[in-house]
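See below for the structure under consideration.
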Amino acid sequence: MPVVSVQDSERFYLRMQLLRKTGVISFNDLKTIDGTLCETFQEACKVLGLLDGDQHWHDTLLEAARIQMPSYLRILFAIICGFGEVENIPDLWTQHKQSLSEDFVHRYSKETGPLYALAELNELLKSYGLNLRKVNLPSVDLQCDLFRLSYDAMEEQSKANANIEKLNSERRYAVDKVLHAIYEYQEKSQSAFFLMVLLEQAKLLCIRLYCMQLEEKAIKPLL
């Protein structure tokens with residue numbers, strides 16, 4: 001069954017019921033518990049006791065860990081903290097710390113990897129008006145730029161150079177034009193560009209090139 005984001009709450013709870021309830025013939029049948037029709041799938045899950053404790057959040061992270069990278073798991077963890085009704089976030093972190101910080105552990109060490117994962121989570125939580133302290137997770141104080149530490153400039157520049165060779169002359173001109181405007185940016189002389197490419201793959205290649213070149217200059221693109 002397809003994975004559904006917790007941000008899409010009704011489909012998320014619909015999926016939760018479909019995984020546990022058999023023989024249903026309609027959506028209303030799913031939302032009917034002991035003869036009472038619930039207004040939402042989330043309400044039906046609550047009546048069924050599926051939301052008691054945090055087991056469904058543990059199951060969500062375990063399922064995601066089988067097919068997703070640690071960077072995605074951290075985004076998912078932040079979404080759960082922001083939108084889910086989690087009773088014990090510290091316990092959720094403790095039980096899934098290994099999968100949430102696996103890439104950082106490989107890059108740094110078993111001791112410091114989780115600290116970098118927490119630092120990234122802190123940045124992600126800001127989108128929901130939260131931080132580590134507000135969700136009762138240990139605060140970390142890293143004196144360096146997390147984004148640059150997780151980024152290999154030489155590798156990305158090599159990829160950018162290889163992809164540039166795939167561009168035709170018109171697309172190469174468009175990429176150079178936009179990058180020049182960014183590098184020579186002046187507050188009083190702003191520019192806006194509209195990228196129209198017939199092939200979606202070619203469009204994505206141009207956008208990816210922008211990202212690679214900007215990251216190599218220590219500029220984090222916002223897309």
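Values quoted throughout were computed directly from the atomic coordinates according to the rules given, and no laboratory measurement underlies them. None of the values given here were measured: they were computed from a predicted structure. Here the Cβ positions follow ideal geometry from the backbone for every residue, glycine too, while neighbour counts run over all protein chains shown.
For the reader, a short list of remarks on this structure follows.
- Residues whose amide H comes within less than 5 Å of that of Ile33, counting only those at least five positions distant or on another chain, are Cys38 (H built at 1.01 Å from N in the peptide plane).
- Two-site label geometry, Gln55 and Thr112: point separation in nm, points 7 Å out along Cα→Cβ: 4.0 nm
- Each of Leu100, Leu30 was scored by other Cβ atoms within 10 Å of its Cβ. Listed from fewest to most, they are Leu30, Leu100.
- Stretching Glu10 away from Leu37 to a fully extended chain increases their span by 8.2 nm, per 0.36 nm per residue minus the current alpha-carbon distance.
- When you count the other C-beta atoms within 10 angstrom of each residue and take the mean per peptide, 135-142, 120-127 line up highest first as 120-127, 135-142.
- The calculated FRET efficiency for the pair Ile25 and Asp91, based on their C-beta separation and a Förster distance of 41 Å, comes to about 0.60.
- Cβ crowding within 10 Å, taken as a proxy for footprinting-reagent exposure, orders Asp34, Asp176 from fewest neighbours to most as Asp34, Asp176.
- The residues neighbouring Gln95, those whose beta-carbon lies less than 12 Å from its own, together hold a net charge of -2 under the Lys/Arg +1, Asp/Glu -1 convention.
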